[in-house]
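Visitor: Attaching a single structure in structure tokens format; questions to follow.
The values are calculated or read from the model by the stated rules, or taken from the named source; none is laboratory data. Please read all numbers here as calculations on a predicted model, not as lab measurements. Positions of Cβ are generated from backbone atoms using ideal geometry, with glycine treated the same way; all protein chains shown enter the neighbour counts.
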Amino acid sequence: MNLRPDPTFHATAALAMRAPVENYAFTVMFSPDFSQPDGIAVIDVKEGSDTYGQIVHKVIVPNKGDEFHHFGWNACSSSLSPLSGHTFLERRYLIVPGIRSSRIYIIDVKDPLKASIHKTIEPEEVFSKTGYSRPHTIHCGPEGIYVSCLGGAGKDGTDGPPGIFIMDCETFEIIGQYEMDRGKQDKHYDFWWNLPQDYMVSSEWGLPPQFENGVVPEDLLSNKYGHSIHFWDLRKRKNIQTIDFGENYQMALEIRPAHDPKKSYGFCGVVVDTTNLQGAVFTWWRDDDGVWQAKKTITIDPRPEDPNNLPPTLAPFKAAPVFVTDIDLSLDDKYLYVACFGLGEMHQYDVSDPMSPVLTGKVELGGIAKGKKHPNGKDVVYGPQMVEISRDGKRVYWTNSLYSTWDDQFYPDEEGGQMVMADVGENGGLTLSKDFYVNFPPGMRCHQIRLEGGDCSTDSFCYPSV
């Protein structure tokens with residue numbers, strides 16, 4: 001334990017923006033056919049370094065078949081909450097779950113170049129103590145580590161609804177389920193919160209049989225994936241309201257609240273509108289009567305395409321769908337980045353007015369039936385996927401894999417893993433960096449990114465920016 005708070009903890013988002021820039025990125029790399037163990041790649045992102053844009057260290061786990069996907073920190077700026085009792089934790093460990101195995105690894109990254117496995121939590125412990133499976137999103141909260149799961153109990157994860165469990169942030173022991181009253185929530189995906197306002201928001205993807213072997217077309221076309229978001233009383237652990245976007249808005253995924261805790265709004269990305277293959281982003285907010293509302297504020301059109309150029313699943317639609325599969329919000333709450341995995345585009349929107357986003361930048365890279373190359377002339381397979389923004393808002397990193405079976409379904413003749421970075425202009429706009437291009441080892445793909453010292457999809461701030 002430290003004698004003073006970790007210097008990477010910041011009371012406000014504005015203070016975090018002025019903190020030292022990141023030197024390293026930590027990125028998931030996984031074997032889609034389970035022939036190799038998965039790992040965490042440590043990437044040098046310090047401009048001017050002799051190893052800039054290179055993998056400088058790897059933590060390879062001993063098991064195969066975990067399929068690393070999302071991961072997060074043991075502690076973050078939420079530790080400065082007056083309610084936490086954990087002010088003196090270190091942002092030292094990465095909590096890395098296997099979405100297929102339900103095994104969880106604790107990785108010590110205090111020295112990024114010597115990062116190593118600190119502890120392993122076997123799936124049997126997850127099952128027995130939570131009744132959940134397929135751990136997914138990690139958030140460091142004021143009283144512990146919150147882990148959302150995509151599966152309930154049983155072999156196929158459908159014996160009971162999925163949910164969130166809490167881990168001790170020092171011993172990494174599993175404490176138990178979060179929910180006291182889940183209301184209408186019966187699927188899960190992402191979640192985030194506003195600590196001073198004492199609420200949490202969660203979203204929905206689907207149950208394991210709906211995603212583990214790829215998209216189930218019959219379920220998608222009959223609108224059986226998730227299309228609601230849920231609002232919770234954070235301390236009472238009770239679902240207080242559910243908003244259904246409409247059953248055609250299939251797969252309500254990433255939740256991104258405003259970083260300034262005085263603000264009572266945020267965004268949620270929707271993968272596809274089944275009536276027209278559009279992608280969408282909804283803005284959610286709390287009105288003057290304390291009731292949560294939501295409205296579609298961003299619509300992105302699919303791209304017409306010759307059916308002969310499309311994978312079999314998409315050929316009947318004669319279009320490349322958008323597939324909004326990740327969104328991320330800069331710490332100043334100004335720019336929202338939207339990954340369009342199907343189109344092969346990364347969009348930047350000015351959301352200073354959250355009800356009227358304005359497109360201010362766009363990068364084309366990869367894409368179904370497009371295959372746009374990187375400015376350095378090299379290939380980037382699949383499309384823009386997991387997005388991470390530097391704390392100062394000047395650099396946007398992303399990787400290209402969505403989920404192993406979904407990659408294979410929508411990009412059946414492609415293989416590989418790449419990570420790229422775009423520079424943000426003074427007044428908006430995105431320009432891909434020719435000098436930053438990470439090609440992962442053969443047989444490995446890549447997914448979520450974390451940045452040394454925290455990033456825009458990690459920290460929850462307890463005090464308003466001034």
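Visitor: Does the stretch 170-190 include one or more residues that are modelled with pLDDT under 95 and touching a strand residue (DSSP E or B) at 6+ places or on another chain (Cβ under 8 Å)?
Guide: No, because not a single residue in the stretch 170-190 is modelled with pLDDT under 95 and touching a strand residue (DSSP E or B) at 6+ places or on another chain (Cβ under 8 Å).
Visitor: Quick check on the stretch 61-68. Is at least one of its residues buried (at least 23 other Cβ atoms within 10 Å of the Cβ), of a type in the set (A, V, I, L, M, F, W, C), outside any loop (DSSP other than H, G, I, E, B) and touching a residue at least 12 places away in the same chain (Cβ under 8 Å)? Write out each step before concluding.
Guide: So the first thing to find is which residues in the stretch 61-68 are buried (at least 23 other Cβ atoms within 10 Å of the Cβ), and the list is 66-68.
Retained after the next criterion (residues that are of a type in the set (A, V, I, L, M, F, W, C)): 68.
Subset that is outside any loop (DSSP other than H, G, I, E, B): 68.
Retained after the next criterion (residues that are touching a residue at least 12 places away in the same chain (Cβ under 8 Å)): 68.
Yes, some residue in the stretch 61-68 is buried (at least 23 other Cβ atoms within 10 Å of the Cβ), of a type in the set (A, V, I, L, M, F, W, C), outside any loop (DSSP other than H, G, I, E, B) and touching a residue at least 12 places away in the same chain (Cβ under 8 Å).
A quick yes/no check of all residues on (1) outside any strand (DSSP E or B); (2) closer than 19 Å to R286 by Cα; (3) touching a residue at least 12 places away in the same chain (Cβ under 8 Å):
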residue: D219; (1), (2), (3): yes, no, yes
residue: G226; (1), (2), (3): yes, no, yes
residue: I229; (1), (2), (3): no, yes, yes
residue: T242; (1), (2), (3): no, yes, yes
residue: E247; (1), (2), (3): yes, no, yes
residue: L253; (1), (2), (3): no, no, yes
residue: G269; (1), (2), (3): no, yes, yes
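Visitor: Could you look through the stretch 88-108, keep only residues that are more than 16 Å from T171 (Cα to Cα) and of a type outside the set (D, E, K, R), and pick out the one that is surrounded by the most Cβ atoms within 10 Å (Cβ to Cβ)? Reasoning before the result, please.
Guide: First pass over the stretch 88-108, keeping only residues more than 16 Å from T171 (Cα to Cα): 97-103.
When the remaining residues are screened for being of a type outside the set (D, E, K, R), the result is 97-99, 101-102.
Values: P97: 28, G98: 21, I99: 25, S101: 22, S102: 24.
Looking at residues that are more than 16 Å from T171 (Cα to Cα) and of a type outside the set (D, E, K, R), I get P97.
Visitor: How many residues, within the stretch 18-44, are touching an Asp or Glu at 6+ places or on another chain (Cβ under 6 Å), surrounded by 17 or more Cβ atoms within 10 Å (Cβ to Cβ) and under 15 Å from E388 (Cβ atoms)?
Guide: Here the count works out to 2.
Visitor: Ok, one more. Among the residues of the stretch 27-50, what is the count of those that are closer than 17 Å to F436 by Cα and under 22 Å from the mean Cα position of the chain (by Cα)? Talk me through it step by step, then tell me what you get.
Guide: First, pick out the residues of the stretch 27-50 that are closer than 17 Å to F436 by Cα: 27, 41-50.
Cutting the leftovers down to under 22 Å from the mean Cα position of the chain (by Cα) gives us 27, 41-45.
Number of matching residues: 6.
Visitor: Six or more apart or on different chains, Cβ atoms under 8 Å: show the pairs whose first residue is in the stretch 142-160 and without any contact (Cβ under 8 Å) to a residue 12 or more places away in the chain and under 20 Å from G85 (Cα atoms) and whose second is in a strand (DSSP E or B) and basic (K, R).
Guide: Pairs found: none.
Visitor: Suppose we filter the stretch 436-451 for residues that are out of contact with any His (no Cβ under 7 Å at 6 or more places or on another chain) and either crowded, with 20+ Cβ neighbours inside 10 Å or of a type in the set (A, V, I, L, M, F, W, C) (or both); how many remain? Show your work before the answer.
Guide: Restricting attention to the stretch 436-451, the residues satisfying the condition of being out of contact with any His (no Cβ under 7 Å at 6 or more places or on another chain) are 436, 438-446, 449-451.
Subset that is either crowded, with 20+ Cβ neighbours inside 10 Å or of a type in the set (A, V, I, L, M, F, W, C) (or both): 436, 438, 440, 444-446, 449-451.
The number of residues fulfilling the criteria is 9.
Visitor: For the stretch 296-318, which positions are touching a residue at least 40 places away in the same chain (Cβ under 8 Å), farther than 17 Å from G366 by Cβ and assigned to a strand (DSSP E or B)?
Guide: If the condition is that a residue be touching a residue at least 40 places away in the same chain (Cβ under 8 Å), farther than 17 Å from G366 by Cβ and assigned to a strand (DSSP E or B), then K296, T297, I298 are the ones that fit.
Visitor: Looking only at the stretch 162-212, count how many residues are without any contact (Cβ under 8 Å) to a residue 24 or more places away in the chain and under 17 Å from G152 (Cα atoms).
Guide: As a first pass, look at the stretch 162-212 and keep what is without any contact (Cβ under 8 Å) to a residue 24 or more places away in the chain: 171, 173, 210.
Subsequent filtering for residues that are under 17 Å from G152 (Cα atoms) retains 210.
Number satisfying all stated conditions: 1.
Visitor: With (1) in a loop (DSSP other than H, G, I, E, B); (2) polar (S, T, N, Q); (3) in contact with a Gly (Cβ under 7 Å, 6 or more places away or on another chain) as the list, and N376 as the residue in question, which single condition is left unmet?
Guide: So N376 meets the others, but not (3).
Visitor: Whether any residue in the stretch 37-44 is of a type outside the set (D, E, K, R), touching a residue at least 12 places away in the same chain (Cβ under 8 Å) and in a loop (DSSP other than H, G, I, E, B) is what I want to check.
Guide: Start the filter on the stretch 37-44 by keeping residues that are of a type outside the set (D, E, K, R), which leaves 37, 39-43.
Restricting the remaining residues to those that are touching a residue at least 12 places away in the same chain (Cβ under 8 Å) gives 37, 39-43.
Applying the additional criterion that residues be in a loop (DSSP other than H, G, I, E, B) yields none.
No, because not a single residue in the stretch 37-44 is of a type outside the set (D, E, K, R), touching a residue at least 12 places away in the same chain (Cβ under 8 Å) and in a loop (DSSP other than H, G, I, E, B).
Visitor: Next question, about the same structure. All but one of (1) in contact with a Leu (Cβ under 9 Å, 6 or more places away or on another chain); (2) not in a loop (DSSP other than H, G, I, E, B) hold for A369; state the number of the condition that does not hold.
Guide: (2)
Visitor: Kindly check whether there is at least one residue in the stretch 198-205 that is of a type outside the set (V, I, T), in contact with a Phe, Trp or Tyr (Cβ under 8 Å, 6 or more places away or on another chain), assigned to a strand (DSSP E or B) and surrounded by fewer than 21 Cβ atoms within 10 Å (Cβ to Cβ). Can you show your working first?
Guide: Kept after step one, since they are of a type outside the set (V, I, T), are these residues of the stretch 198-205: 198-200, 202-205.
When the remaining residues are screened for being in contact with a Phe, Trp or Tyr (Cβ under 8 Å, 6 or more places away or on another chain), the result is 199-200, 202-205.
Then drop every residue that is not assigned to a strand (DSSP E or B), which leaves 199-200, 202, 204.
In the following step, the residues that additionally are surrounded by fewer than 21 Cβ atoms within 10 Å (Cβ to Cβ) were identified as 199.
Within the stretch 198-205 (the criterion being of a type outside the set (V, I, T), in contact with a Phe, Trp or Tyr (Cβ under 8 Å, 6 or more places away or on another chain), assigned to a strand (DSSP E or B) and surrounded by fewer than 21 Cβ atoms within 10 Å (Cβ to Cβ)), the answer is yes, since at least one residue qualifies.
Visitor: Can I ask one more? With respect to G377, determine if the residue is surrounded by fewer than 23 Cβ atoms within 10 Å (Cβ to Cβ) and under 26 Å from I60 (Cα atoms). Show your work before the answer.
Guide: Values: surrounded by fewer than 23 Cβ atoms within 10 Å (Cβ to Cβ): yes; under 26 Å from I60 (Cα atoms): no.
When the stated conditions are applied, G377 does not pass them.
Yes or no, residue by residue, for (1) crowded, with 18+ Cβ neighbours inside 10 Å; (2) more than 22 Å from the chain's Cα centre (by Cα); (3) farther than 14 Å from Y411 by Cα:
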{"site": "D301", "(1), (2), (3)": "no, yes, yes"}
{"site": "E305", "(1), (2), (3)": "yes, yes, yes"}
{"site": "I327", "(1), (2), (3)": "yes, no, yes"}
{"site": "D333", "(1), (2), (3)": "yes, no, yes"}
{"site": "Y337", "(1), (2), (3)": "yes, no, yes"}
{"site": "Y349", "(1), (2), (3)": "yes, no, yes"}
